[in-house]
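> I have a structure here, written as structure tokens, and I will follow up with some questions on it.
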């Protein structure tokens with residue numbers, strides 16, 4: 001694929017992926033406002049946007065998805081970078097501007113991303129190879145653990161019922 005087209009396909013993928021989540025949020029709002037037909041429309045169009053994003057992702061897949069060792073290393077580096085560099089900057093700005101909800105979201109995400117990096121690092125070192133049967137994801141802050149669901153999330157303090165189990 002030529003460079004300009006490749007860049008456009010990747011840009012379209014990002015836009016479609018964003019549209020998918022935005023439309024799901026719109027559907028939720030329409031449900032809250034008791035407008036089920038509009039909520040249904042938003043969910044249907046969101047699914048169409050997911051189809052578009054998937055097709056575009058498949059076109060640039062070889063640029064993004066490498067072998068598993070490389071994918072683990074890249075994921076580890078990204079999580080480490082965002083938790084150590086980007087989220088602290090986002091957090092600082094939110095605090096300076098008095099945006100406490102955004103500051104809390106950034107703080108939780110920063111801390112959760114640090115845990116994600118540790119999980120990737122363990123995978124890179126083959127510590128978790130064939131031993132992890134499930135992960136538990138906090139639905140409040142995104143903390144992930146391969147241990148038992150904690151009595152309270154170490155990042156945001158959410159109770160056990162806020163965890164979703166991901167298994168094969």
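The values are calculated or read from the model by the stated rules, or taken from the named source; none is laboratory data. Not measured: the values here are computed from a predicted model. In this analysis, Cβ positions are derived from the backbone assuming ideal geometry, glycine residues included, and neighbour counts consider all displayed protein chains.
> Hey, among 65, 38, which residue is at pLDDT below 95, touching a helix residue (DSSP H, G or I) at 6+ places or on another chain (Cβ under 8 Å) and either under 30 Å from residue 123 (Cβ atoms) or surrounded by fewer than 17 Cβ atoms within 10 Å (Cβ to Cβ) (or both)? Before the answer, list the steps.
Working: 38 fails: at pLDDT below 95.
Result: 65 is the single residue among 65, 38 that is at pLDDT below 95, touching a helix residue (DSSP H, G or I) at 6+ places or on another chain (Cβ under 8 Å) and either under 30 Å from residue 123 (Cβ atoms) or surrounded by fewer than 17 Cβ atoms within 10 Å (Cβ to Cβ) (or both).
> So residue 91 passes all but one of these: (1) loosely packed, with under 15 Cβ neighbours inside 10 Å; (2) under 19 Å from the mean Cα position of the chain (by Cα). Which condition number does it fail?
Against the list (1) loosely packed, with under 15 Cβ neighbours inside 10 Å; (2) under 19 Å from the mean Cα position of the chain (by Cα), residue 91 comes up short only on (1).
> Can you run down the residue pairs with Cβ atoms below 7 Å, 6 or more apart or on separate chains, where the first is in segment 123-134 and over 20 Å from residue 70 (Cβ atoms) and the partner is at pLDDT 90 or above and not in a loop (DSSP other than H, G, I, E, B)?
Close Cβ pairs (under 7 Å, with a partner that is at pLDDT 90 or above and not in a loop (DSSP other than H, G, I, E, B)) amount to 133/167; 134/165; 134/166; 134/167.
> Give the residues of segment 113-147 that are at pLDDT 95 or above, farther than 22 Å from residue 81 by Cβ and assigned to a loop (DSSP other than H, G, I, E, B), sorted by residue number.
If the condition is that a residue be at pLDDT 95 or above, farther than 22 Å from residue 81 by Cβ and assigned to a loop (DSSP other than H, G, I, E, B), then 139, 140 are the ones that fit.
Here is a yes/no grid of residues against (1) closer than 29 Å to residue 122 by Cβ; (2) surrounded by fewer than 13 Cβ atoms within 10 Å (Cβ to Cβ):
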| site | (1), (2) |
| --- | --- |
| 2 | no, yes |
| 6 | no, no |
| 10 | no, no |
| 42 | no, no |
| 45 | no, no |
| 48 | no, no |
| 76 | yes, no |
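> Only one of (1) surrounded by fewer than 16 Cβ atoms within 10 Å (Cβ to Cβ); (2) in a helix (DSSP H, G or I); (3) in the same structural domain as residue 143 (by TED's automatic domain parsing) is not met by residue 98, so which one is it?
Failing condition for residue 98: (2).
> Within segment 148-168, can you find the residues that are assigned to a strand (DSSP E or B) and at pLDDT 95 or above?
Start the filter on segment 148-168 by keeping residues that are assigned to a strand (DSSP E or B), which leaves 163-167.
The answer is 163, 164, 165, 166.
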